[in-house]
Amino acid sequence: MINKKTFTILLLILLNNILSCKQNSDKGLSNVAKQEKEVINTQKLTCQEIVEKIVKSSGLNLKDYKNYFIDIEKIESDSISIHVYFENNLSDDPKQKQIVESTIAWLLLLPNEQTLYNVTVDPEKPLELKFDKNILTYNDIFRACEISKENIHLKDDVKYKTAILPFNFKDFYAACVYPSDEKKCNENYPKYDYDKKSELFKIIGNEFYFSEYTYLPIINDFKPVILYDNTSDIESYYLIVIKNGKIISNLLIARMDGKSIQDFNITKEYVIILYKAKNSNDPKKEIGRYKISDNGNIIKN
């Protein structure tokens, strides 16, 4: 006969075993869920799947269409042409279908610019569509679609190549200023002569004096530009951030005046690192780190 004390002890042991089994079970389920999540996160989407996600997240009105299709029409070196359409059956005979495609929209995706255009009405005056740019952040569209990652800047239907990050000032100077390597300069640090008739002059006016400029890759819809003048004894380089035709912020990033040398590097993560030295033989010291904030201001990092 089991006494009351022994019964209580046995009951506690039994409950403890039950709870232990449940915890192990929950832990096992948690590990399975974690593994499944990791599989999803590391799964590589195809070019078609990435394009579909972009179109569905865009401002294109698809609510009126129960069934629609998204096809990649053409992939060029830096762009993807997309056809969005639905199908109509024109046949009166239920046994024999006569399917025709009805266009909803023709779109142009520029992965390097992270922009999507509706070119249905007038390809010469495309309408920009907003879309979830996180899709491009978490999916390698360049690999999936075999697109050349060349960093293309599009403005007023004219394409400009942008510099490729990281931007190394010493490498830039050797390629584009002295001793000069035109091919390398055009590939990595494409520069443009200042033109008073250009849109850039309309934005900047006489606020800065410069002879040439280089576009940097777009960041959060802001367009950073490096302005420079190396035609005189004092060389100056400014970084300006532009959006909607206005200067949001600016920073002097390099200056050589014969007394000291200040230069810079810009990392892939868009960290702007400034350095200073007495001369070209003197070891340079880091004097500051900056970044472009979400509102376009250049702030200390």
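Does TYR117 satisfy the condition of being of a type in the set (Phe, Trp, Tyr), at pLDDT 80 or above and over 27 Å from PHE222 (Cβ atoms)? Even if it seems obvious, please write down each step before you answer.
On the way: of a type in the set (Phe, Trp, Tyr): yes; at pLDDT 80 or above: yes; over 27 Å from PHE222 (Cβ atoms): no.
In short, no.
Could you tell me how many of the residues in segment 212-241 are among the hydroxyl-bearing types (Ser, Thr, Tyr), touching a Leu at 6+ places or on another chain (Cβ under 9 Å) and open to solvent by 20 Å² or more (accessible area, probe 1.4 Å)?
Pass one, segment 212-241, residues among the hydroxyl-bearing types (Ser, Thr, Tyr): 213-215, 228, 231-232, 236-238.
Filter once more, keeping what is touching a Leu at 6+ places or on another chain (Cβ under 9 Å): 213-214, 236-238.
Next, only the ones that are open to solvent by 20 Å² or more (accessible area, probe 1.4 Å) stay: 236, 238.
Of the residues in that region, 2 qualify.
Do you know which residues across segment 174-208 are open to solvent by less than 50 Å² (accessible area, probe 1.4 Å) and either β-branched (Val, Ile, Thr) or within 18 Å of ILE234 (Cα to Cα) (or both)?
ALA174, CYS176, VAL177, ILE203, ILE204, PHE208
If you go through segment 289-300 one residue at a time, do you hit one that is surrounded by 14 or more Cβ atoms within 10 Å (Cβ to Cβ), part of a loop (DSSP other than H, G, I, E, B), free of Cβ contacts under 8 Å to residues at least 12 places away in the same chain and not basic (Lys, Arg)?
Within segment 289-300, one or more residues are surrounded by 14 or more Cβ atoms within 10 Å (Cβ to Cβ), part of a loop (DSSP other than H, G, I, E, B), free of Cβ contacts under 8 Å to residues at least 12 places away in the same chain and not basic (Lys, Arg).
For segment 137-147, indicate whether the set of residues that are over 20 Å from GLU52 (Cα atoms) and at pLDDT 85 or above is non-empty.
Looking only at segment 137-147, we keep the residues that are over 20 Å from GLU52 (Cα atoms), and these are none.
No, the conditions are met nowhere in segment 137-147.
Can you give me the number of residues within segment 264-288 that are of a type in the set (Gly, Ala, Ser) and either open to solvent by 90 Å² or more (accessible area, probe 1.4 Å) or in contact with a helix residue (DSSP H, G or I) (Cβ under 7 Å, 6 or more places away or on another chain) (or both)?
The initial filter retains those residues of segment 264-288 that are of a type in the set (Gly, Ala, Ser), namely 277, 280, 288.
Checking which are either open to solvent by 90 Å² or more (accessible area, probe 1.4 Å) or in contact with a helix residue (DSSP H, G or I) (Cβ under 7 Å, 6 or more places away or on another chain) (or both) leaves us with 280.
Selection size over segment 264-288: 1.
Which of the residues that make up segment 52-78 are touching a residue at least 40 places away in the same chain (Cβ under 8 Å), in a loop (DSSP other than H, G, I, E, B) and within 24 Å of the chain's Cα centre (by Cα)?
SER58, GLY59, LEU60, SER77, ASP78
For segment 69-111, enumerate the residues that are touching a Lys or Arg at 6+ places or on another chain (Cβ under 9 Å) and open to solvent by 20 Å² or more (accessible area, probe 1.4 Å).
SER81, PHE86, ASN89, LEU90, SER91, listed by residue number.
Which of the residues belonging to segment 191-202 are part of a loop (DSSP other than H, G, I, E, B) and more than 24 Å from LEU110 (Cβ to Cβ)?
Taking segment 191-202 first, the residues part of a loop (DSSP other than H, G, I, E, B) are 191, 194-198.
Those that are part of a loop (DSSP other than H, G, I, E, B) and more than 24 Å from LEU110 (Cβ to Cβ): TYR194, LYS196, LYS197.
Yes or no: VAL241 among the β-branched types (Val, Ile, Thr), under 18 Å from ASN168 (Cβ atoms) and out of contact with any His (no Cβ under 8 Å at 6 or more places or on another chain)? Give the steps one after another, and end with the answer.
Values: among the β-branched types (Val, Ile, Thr): yes; under 18 Å from ASN168 (Cβ atoms): no; out of contact with any His (no Cβ under 8 Å at 6 or more places or on another chain): yes.
Criteria not met by VAL241.
If VAL100 meets every condition in (1) part of a loop (DSSP other than H, G, I, E, B); (2) at pLDDT below 90 apart from one, which number is that one?
Result: VAL100 fails condition (1) only.
Exactly one of these conditions fails for ASP233: (1) among the acidic types (Asp, Glu); (2) more than 18 Å from LYS300 (Cα to Cα); (3) in contact with a strand residue (DSSP E or B) (Cβ under 7 Å, 6 or more places away or on another chain). Give me its number.
Unmet condition: (3).
Here is a list: ILE273, ILE266, ILE287, ILE261. Which entry is of a type in the set (A, V, I, L, M) and within 18 Å of THR162 (Cβ to Cβ)? Break it down stepwise before answering.
Numbers: ILE273 fails: within 18 Å of THR162 (Cβ to Cβ); ILE287 fails: within 18 Å of THR162 (Cβ to Cβ); ILE261 fails: within 18 Å of THR162 (Cβ to Cβ).
Going through ILE273, ILE266, ILE287, ILE261 in turn, the sole match is ILE266.
The values are calculated or read from the model by the stated rules, or taken from the named source; none is laboratory data. Everything quoted here is computed from the prediction, not taken from an experiment. Because the Cβ atoms are built from the backbone with ideal geometry, glycine has one as well, and the counts that use them run over all protein chains shown. Surface areas here come from the heavy atoms of the whole protein model, side chains and all, with no ligands, DNA or RNA. Shrake-Rupley method; radii C 1.70, N 1.55, O 1.52, S 1.80 Å.
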